[in-house]
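K.L.:
Handing you this structure, nothing more for now.
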Amino acid sequence: MYLRSQIRDRELDIPRTVVVHIPELDMKIVREVVPPSPESEGETVWDVRDAIVNIIKESGHSLEQWDHAPIGVGWRKGWRLEWVLDDTPNVDDAMLVGCQLIAQSHELEIRSILHVQEDVYTKDGNILKVT
């Protein structure tokens, strides 16, 4: 059920699978974890997102909003969703094998990002561009 891995000089158990929740389809997909090795750092959450999106499309499921909005990835714990930004300067934050997966305290979630505001209007009508 678990793989052993040496991370930061500590021996840790890495789950062999990750449960990926897709709330817009009310679906959960269990996917095998590709653990880090001496040759590779392992998968990122973006690798998992891309693979899951392909599985969903190949199975015939479709979400219209996925054609018109970016698809984000986050770690959910209870009501809180911790987004993993695709431009994060810290690559460790995007790695699949991390504290959330090992502790099994969070669930990986893939969803469209429809709520991102691109422009902010001030009271006097000026537009502040989000960059």
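K.L.:
Applying the selection to the stretch 47-64, what residues are within 17 Å of the chain's Cα centre (by Cα) and either of a type in the set (D, E, K, R) or at pLDDT below 85 (or both)?
P.N.:
ASP47, ARG49, ASP50
K.L.:
Criterion first (modelled with pLDDT under 85 and either loosely packed, with under 14 Cβ neighbours inside 10 Å or of a type outside the set (Gly, Ala, Ser) (or both)) does ASP87 satisfy it?
P.N.:
Yes, satisfied.
Let's see how each residue does on (1) of a type outside the set (A, V, I, L, M, F, W, C); (2) surrounded by 13 or more Cβ atoms within 10 Å (Cβ to Cβ):
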| position | (1), (2) |
| --- | --- |
| LEU25 | no, yes |
| VAL30 | no, no |
| VAL33 | no, yes |
| PRO38 | yes, no |
| VAL45 | no, yes |
| ILE52 | no, yes |
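K.L.:
Identify, by number, the condition in (1) at pLDDT below 75; (2) closer than 19 Å to PRO23 by Cα; (3) polar (S, T, N, Q) that SER105 doesn't meet.
P.N.:
Tallying (1) at pLDDT below 75; (2) closer than 19 Å to PRO23 by Cα; (3) polar (S, T, N, Q), SER105 fails exactly one: (1).
The values are calculated or read from the model by the stated rules, or taken from the named source; none is laboratory data. Note that the coordinates shown come from a computational prediction; the quantities given were computed from them, not determined experimentally. Cβ: placed from backbone, ideal geometry, glycine included. Neighbour counts: every protein chain shown.
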